[in-house]
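Trainee: Below is one structure. I have some questions about it.
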Amino acid sequence: MFEKDILLLKEKDLHRIIRDRESPQGNRIWINGKELINFSSNDYLGLLNHPDILKAATEAIKLYGSGAGASRLLSGSCIIHRRLEEEMARFKDTEDCIIFNSGYAANTGAIPALTGSDDLILSDELNHASIIDGCRLSKAKTIVYRHRDTEQIKGIISREGSRVRGRIMIVTDSVFSMDGDIAPIKELFNICSELNSEEDNVRALLYIDDAHGTGVIGNAKGAIAHYGLESREWLIQMGTFSKALGSFGAFVAGTSDLIDWLRNRARSFIFSTALPVPVIASALKALEIIMTDDEPLKRLWTNRERLVKGLKEMGFDIKGSETPIIPIIIHNVEKVLFMSRSLEERGIYVPAIRPPTVKEPRLRLSVTASHTEEEIDQLIGALRDVCGDKN
Ligand SMILES: *Cc1c(COP(=O)(O)O)cnc(C)c1O
């Protein structure tokens, strides 16, 4: 039925396939019977296979079973779901927190619940697809602004602001998932702060998707800490347990009222079974580890510096990357696929990212705390091999 459509994708080099691992996720993985050094995982702190986390998950299964059996609002919620919410609220210094089943579910559930037809959403053009879909599900009008362009935001607000009967919500990734740069959150914070200082009512909300920031920037505390800011009643911090925390699921942290509202109105929360207990126990343990052991975080940033230095010496264009997500912009789909394949022949796994995921084709590197110096140098050497001295 979709033969022709698929053929068209293949002709444009845009057809994707799933590669199945035969090993655990990690700095080295096995695919097709071959061991590869893996530069494609979001397990920034290398916690996925941490023995304490595996133990916590196993013990939780013994205590509470595996599956949750119902949604949180029925009987699916276990005391450790609530404990994770409390710990995360403490970690983010907010009144409360709510768990969602994934980052995708959080954004597609929370954004439409927080905005209605009287409101205006301002969304960065490079925001994650789950934010885009959350905006599509919202009854609010959405205006997409140029990447990180706070001047354009101010312009839109001064032009459209007086016509907005409800609120204005600015929504942004903290760390952009394909470019690895960081949103100008201080400016966004100040814009909202100013709008909210004029009246008693909250006029502007700032919604931050800290999926790649949590555990990575701001001394592991995420984007708000990175900029030295503090929580506000109009600030909504979303993040995931699926990246640096090595587990699965997501959270939204904010005031008690806001979280209570989401419990009652976010459809992806209400109409979906609670996360399995071992997933929650893993996230709890990971949170405990990142609060008490800063060794993985230090290793992550040392590794990142080593890799970036090597890439810059070779003259690669890594755009504005400031984080362990490092794009190598290639511009040409055929060439980027060739590079990815050639790296794989040399034992290194780096996926090529193509349209429609990104406008500019690229290799997307993510470096983690579990990579060794030798593995990073091997990547640099292989890139030199594949590209010649000058790319
Ligand atoms: C990965 C990601 C998500 C989705 O999170 P999942 O838990 O994988 O569903 C949402 N937002 C951003 C910015 C992400 O990078």
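Trainee: May I ask you to list the residues in region 27-41 that are outside any strand (DSSP E or B) and in contact with a strand residue (DSSP E or B) (Cβ under 7 Å, 6 or more places away or on another chain)?
Mentor: 27, 39, 40, 41
Trainee: Give me the residue from region 237-267 that is surrounded by fewer than 24 Cβ atoms within 10 Å (Cβ to Cβ) and within 15 Å of the chain's Cα centre (by Cα) and, out of that set, nearest to the ligand (Cβ to nearest atom).
Mentor: 242
Trainee: Same structure, new question: Assess whether residue 298 counts as being surrounded by 17 or more Cβ atoms within 10 Å (Cβ to Cβ) and under 22 Å from residue 42 (Cα atoms).
Mentor: no
Trainee: Only one of these conditions is not met by residue 39: (1) of a type outside the set (Asp, Glu); (2) surrounded by fewer than 19 Cβ atoms within 10 Å (Cβ to Cβ); (3) touching a helix residue (DSSP H, G or I) at 6+ places or on another chain (Cβ under 9 Å). Which number is it?
Mentor: For residue 39, the exception is condition (2).
Trainee: Would you point out the residue of region 17-53, among those that are out of contact with any Asp or Glu (no Cβ under 9 Å at 6 or more places or on another chain) and without any contact (Cβ under 8 Å) to a residue 60 or more places away in the chain, that is farthest from residue 83 (Cα to Cα)?
Mentor: 17
Trainee: Can you go through 190, 196, 201 and tell me which one is more than 15 Å from residue 235 (Cβ to Cβ) and away from the ligand (no atom under 16 Å from the Cβ)?
Mentor: Criteria check complete, one pass: 201.
Trainee: For region 51-60, state whether one or more residues are surrounded by fewer than 19 Cβ atoms within 10 Å (Cβ to Cβ), in a loop (DSSP other than H, G, I, E, B), of a type outside the set (A, V, I, L, M) and away from the ligand (no atom under 14 Å from the Cβ).
Mentor: The answer is no, given that none of the residues of region 51-60 is surrounded by fewer than 19 Cβ atoms within 10 Å (Cβ to Cβ), in a loop (DSSP other than H, G, I, E, B), of a type outside the set (A, V, I, L, M) and away from the ligand (no atom under 14 Å from the Cβ).
Trainee: Within region 82-124, how many residues are more than 14 Å from the ligand (Cβ to nearest atom) and touching a Lys or Arg at 6+ places or on another chain (Cβ under 8 Å)?
Mentor: 12
Trainee: I need a count of the residues in region 219-236 that are within 16 Å of the ligand (Cβ to nearest atom) and on the phi > 0 side of the Ramachandran plot. Walk me through it before giving the result.
Mentor: Initially, region 219-236 is screened for residues within 16 Å of the ligand (Cβ to nearest atom), giving 222-224, 226, 236.
After this cut, where a residue has to be on the phi > 0 side of the Ramachandran plot as well, the list is 222.
Looking only at that region, the number is 1.
Trainee: What residue, of 308, 279, is out of contact with any Ser or Thr (no Cβ under 6 Å at 6 or more places or on another chain) and at pLDDT 95 or above?
Mentor: Result of the check over 308, 279: 308.
Trainee: When you check residue 330 against the structure, is it modelled with pLDDT under 95 and crowded, with 22+ Cβ neighbours inside 10 Å, yes or no?
Mentor: It is true that residue 330 is modelled with pLDDT under 95 and crowded, with 22+ Cβ neighbours inside 10 Å.
Trainee: Consider residue 290 against the criteria (1) within 27 Å of residue 61 (Cα to Cα); (2) surrounded by 24 or more Cβ atoms within 10 Å (Cβ to Cβ); (3) β-branched (Val, Ile, Thr): it satisfies all of them except one. Which criterion is unmet?
Mentor: Looking at each condition in turn, residue 290 falls short on (2).
Trainee: Right, something else. Under 6 Å between Cβ atoms, which residue pairs at least 6 apart in sequence (or on different chains) link something in region 126-147 that is under 15 Å from residue 170 (Cβ atoms) with a partner that is assigned to a helix (DSSP H, G or I) and away from the ligand (no atom under 16 Å from the Cβ)?
Mentor: 143/156; 145/152; 145/153; 146/152
The values are calculated or read from the model by the stated rules, or taken from the named source; none is laboratory data. Note that the structure is a prediction, hence the values are computed from the model and not measured. Note that we place each Cβ from the backbone using ideal geometry, even for glycine, and neighbour counts take in every protein chain shown.
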